[in-house]
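Structure record follows, encoded as structure tokens.
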Amino acid sequence: MKTEIRYCFESSQVANRFLHELKDWPVNDVKTRLFNGGDSVKVTYEYDESGFDYTSAELDDLAEKHGGKEV
């Protein structure tokens, strides 16, 4: 199942830091895109529905590290 999560950050600079950290992210193969004037990031990935979605939890933790929130 395709899953999409959006995160909002304080500035486009912080959003870019988050996006670049995901480029070689070891947790899951994710696709990222800036949107909403560059201060938000959309993350898309495949979730296999076999149990708890660790990718979502890891993304939330990483976004929080950068001061971002899921929208």
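The values are calculated or read from the model by the stated rules, or taken from the named source; none is laboratory data. Source: prediction; values computed, not measured. Heads up, the Cβs are rebuilt from the backbone with ideal geometry, glycines too, and the neighbour counts pull from every protein chain shown.
Is it true that residue 69 is touching a residue at least 60 places away in the same chain (Cβ under 8 Å), among the basic types (Lys, Arg) and surrounded by fewer than 17 Cβ atoms within 10 Å (Cβ to Cβ)?
So residue 69 fits the description; yes.
Residues are listed down the side, and each one gets a yes or a no for (1) closer than 12 Å to residue 3 by Cα; (2) out of contact with any Leu (no Cβ under 9 Å at 6 or more places or on another chain); (3) part of a loop (DSSP other than H, G, I, E, B); (4) at pLDDT below 95:
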| site | (1), (2), (3), (4) |
| --- | --- |
| 18 | no, no, no, no |
| 26 | no, yes, yes, yes |
| 42 | yes, no, no, no |
| 57 | no, yes, no, yes |
| 64 | no, yes, no, no |
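If we keep just the residues of the stretch 1-48 that are under 13 Å from residue 62 (Cα atoms) and touching a His at 6+ places or on another chain (Cβ under 9 Å), which is surrounded by the fewest Cβ atoms within 10 Å (Cβ to Cβ)?
21
Condition test on residue 32, is it hydroxyl-bearing (Ser, Thr, Tyr), in contact with a strand residue (DSSP E or B) (Cβ under 7 Å, 6 or more places away or on another chain) and either in a strand (DSSP E or B) or modelled with pLDDT of 95 or more (or both)?
yes
Would you check which residues across the stretch 1-16 are aliphatic (A, V, I, L, M) and either part of a strand (DSSP E or B) or at pLDDT below 95 (or both) and list them?
Listed by number, the residues that qualify are 1, 5.
Based on what the data block shows, is residue 3 in contact with a helix residue (DSSP H, G or I) (Cβ under 8 Å, 6 or more places away or on another chain), without any contact (Cβ under 8 Å) to a residue 24 or more places away in the chain and β-branched (Val, Ile, Thr)?
The answer is no for residue 3.
Within the stretch 45-64, is even one residue touching a helix residue (DSSP H, G or I) at 6+ places or on another chain (Cβ under 8 Å) and of a type in the set (Asp, Glu)?
No, the conditions are met nowhere in the stretch 45-64.
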